[in-house]
Amino acid sequence: MAACAALLLVLASSCTWAQNQPDHPERKAFTVGVTEKFNRLDPAADGSGLSDAMVLASFQRLLALDPVDGLLKPDAGSCMFLDELTYQCEVSDELYFTDGAAVTAPSVKFSIDRAIALDRSGEAAVLFGALDEIEVLDDSMLLFHLDRVDNQFGYALAAPLASIVSPNAYSPDRIRPASQLAVGSGPYEMQIITETRVGFTAYSEYDGFADPGQQRLNIQRYDSPEIVRTAMSNREVDIAWGGLDSQQVAALDVQVEASALGTTRDGFRRLTDPGGRAWQLNWSAESRWFTDDGVRERVAAAIARVRTDRSLIPPGEPGWVPAFADTAQVETGEPLRLSIGFDASVADEPIRAERLRAALGGAGIEVELVPDGISTDLWLGENRPPTDSATGWLMNWLENPLPGTEERNAEALAAYESADEQAEKDETLGTLQELAAVDLTVLPLWREDRVTWMGPGISTSDREYLGPGGQLAVWGFHW
């Protein structure tokens, strides 16, 4: 105790924190603090929150989308087009799942066929819409035969959905329960899972794109932003990922500005991904109003005054067009009652939901806000594209089409995916955005910076801590 007291005086630190230093012999696991929940470990399941982060850490895909340069890179294999309709992939040698089985071309085929067969959300139908057949040539080589040209197909193979699972551990016709540890060949091996913590160790057999930056890793879920902030002050976490609300971020920004080192009083540095988070309002296909053009138009007009985003595509991307009107004539119409669900574990989400309720109330629409509601007319949430690509950004609209628009959407998407010249790509992508604005089933709302707090002794490079669609990529942080 005397030694601890002396250490507190000299280093303004605690003994617990000293033992949490990278070079300390009793170093604890690298810890990421979050508030969001997750509900899947099976890549083929429909997930939310931090589900994709867990999948990305546990599994490999044939390809990886490098967040730094935006290019597709080899992960579990290397791929190339042999011709417009044949995509060849060679699986790397000596890759193994955590259950000891080898990663082979047949296991890749099994995983993607399984993801398509178990597709419930429609994501697989969009990503692999051009896929006709997977042909296995031998243990290391397979061919993806397409029934139409698709210049986006490589992105599909980099999406979390295309993760490679062990055929010994995963059923071809059932989702693996989230209570069971993941069995993959990714950079980390899952060791423990509870409601509040997922523990990993670096997987010694991993050989791929994402070299793990730590040997031991915890993703720790806290019940509120206040508790995450306390964990930062107590230096119980190395990274705070999206767990702080706007007031706490503003207070930390003041500390950063006052610091000669550009850190908070606790030594945390701010990482900013400009415009990295985009919110949308999504209609549920189960809502009685989903196919009512008048109701959808009324909702879109009511929120136009609070919306700042005007497309489902990020501004500045080639082909971006302001497809959604920035103003609209608000009509009150007949009394209407709608429900909006949102993820209550996301910081500031109740405040965002109240903004929408107020805007809709001005149009005579009574809104019931349902935290964590799953059977609501609309869902307020952050757009979480599987990959940073046109297909990924448009996914929420493409996978949930209005009845009768499926063929129209498929033709428009095929025109984009077969475009060769940039001018043609821009034109066809503009058409897709305009069709989404006609349907009004997914409404863009706001874009915000993604702010992540990185503690003392931790480093990262540019955007390497982000996954293929902006998800948490834990391997991107290093001691």
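With the gyration tensor restricted to C-alpha atoms of segment 91-195, the semi-axes of the equivalent ellipsoid amount to 24, 18, 12 Å, longest first.
Can you classify the chain as rounded, prolate or oblate using the Cα gyration tensor, where a ≥ b ≥ c are the square roots of its eigenvalues, rounded means a/c under 1.5, and otherwise it's prolate if a/b beats b/c and oblate if not? Walk me through the intermediate numbers first.
Details: a/c = 1.88, a/b = 1.13, b/c = 1.67.
The shape class here is oblate.
Considering only protein heavy atoms and a 1.4 Å probe, what is the carbon-and-sulfur percentage of the accessible area of the chain? Write down the numbers at each step before the final one.
Working: 10130 of 20380 Å².
Whole-percent figure for carbon plus sulfur exposure: 50.
In this structure, the amide hydrogen of Met141, modeled 1.01 Å from its nitrogen in the peptide plane, lies closer than 5 angstrom to those of Val91, Ala105, counting only residues at least 5 positions away or on a different chain. Here the chain is treated with +1 on each Lys and Arg Cβ and -1 on each Asp and Glu Cβ, and its dipole about the Cα centre works out to around 2040 debye.
Relative to one another, the C-alpha centroids of segment 240-279 and segment 310-330 are positioned 29 Å apart.
Ranking Gly262, Gly154, Leu143 by Cα position along the charge dipole of segment 125-280, where only Lys, Arg, Asp and Glu carry charges on their C-beta atoms, puts Gly262 farthest toward the positive end. Peptides 145-152, 61-68, 213-220 ordered by packing proxy, namely the average of other Cβ atoms within 10 Å per residue, highest first: 61-68, 213-220, 145-152. Of interest is the spacing of the C-alpha centroids, which for segment 380-427 and segment 37-112 amounts to 22 Å. Accessible area per residue for segment 214-364, computed on protein heavy atoms with a 1.4 Å probe, is 47 Å². Peptides 250-263, 269-282 ranked from most to least packed by the mean count of surrounding Cβ atoms within 10 Å: 269-282, 250-263.
Put a plus charge on the Cβ of each Lys and Arg, a minus charge on the Cβ of each Asp and Glu, and nothing anywhere else: the dipole of segment 273-377 about its Cα centre is then about 220 debye. In the complete set of protein chains, residue-level accessible area for Tyr465 is approximately 10 Å², probe 1.4 angstrom.
Rank by packing, highest mean first: peptides 403-412, 35-44, 371-380, with packing defined as the count of other Cβ atoms within 10 Å averaged across residues.
Going by the mean number of other Cβ atoms within 10 Å, highest first, we get 35-44, 371-380, 403-412.
Between Thr86 and Thr196, the simple label model (points 7 Å from Cα in the Cβ direction) yields a spacing of 5.7 nm. Between Leu466 and Ala473, the built amide H atoms are under 5 Å apart, and every one of these is 5 or more places off in sequence or on another chain.
Rank these by accessible area, largest first, 1.4 Å probe: Ile193, Ile303. If you can, show how the numbers build up before the last one.
On the way: Ile193 40, Ile303 0 Å².
The ordering from most to least exposed comes out as Ile193, Ile303.
Close amide-amide hydrogen proximity is noted between Tyr188 and Tyr203, each under 5 Å apart and 5 or more residues distant or on a separate chain (H modeled in the peptide plane; Pro and chain starts excluded).
With each label modelled as a point 7 angstrom along the Cα→C-beta vector, the Ala325-Trp479 pair spans 5.8 nm.
The values are calculated or read from the model by the stated rules, or taken from the named source; none is laboratory data. Bear in mind the structure is a predicted one, so any value in this text is a computation, not a measurement. In this analysis, Cβ positions are derived from the backbone assuming ideal geometry, glycine residues included, and neighbour counts consider all displayed protein chains. To get the accessible areas, we keep the full protein, side chains included, count just its heavy atoms, and leave off ligands, DNA and RNA. Shrake-Rupley method; radii C 1.70, N 1.55, O 1.52, S 1.80 Å.
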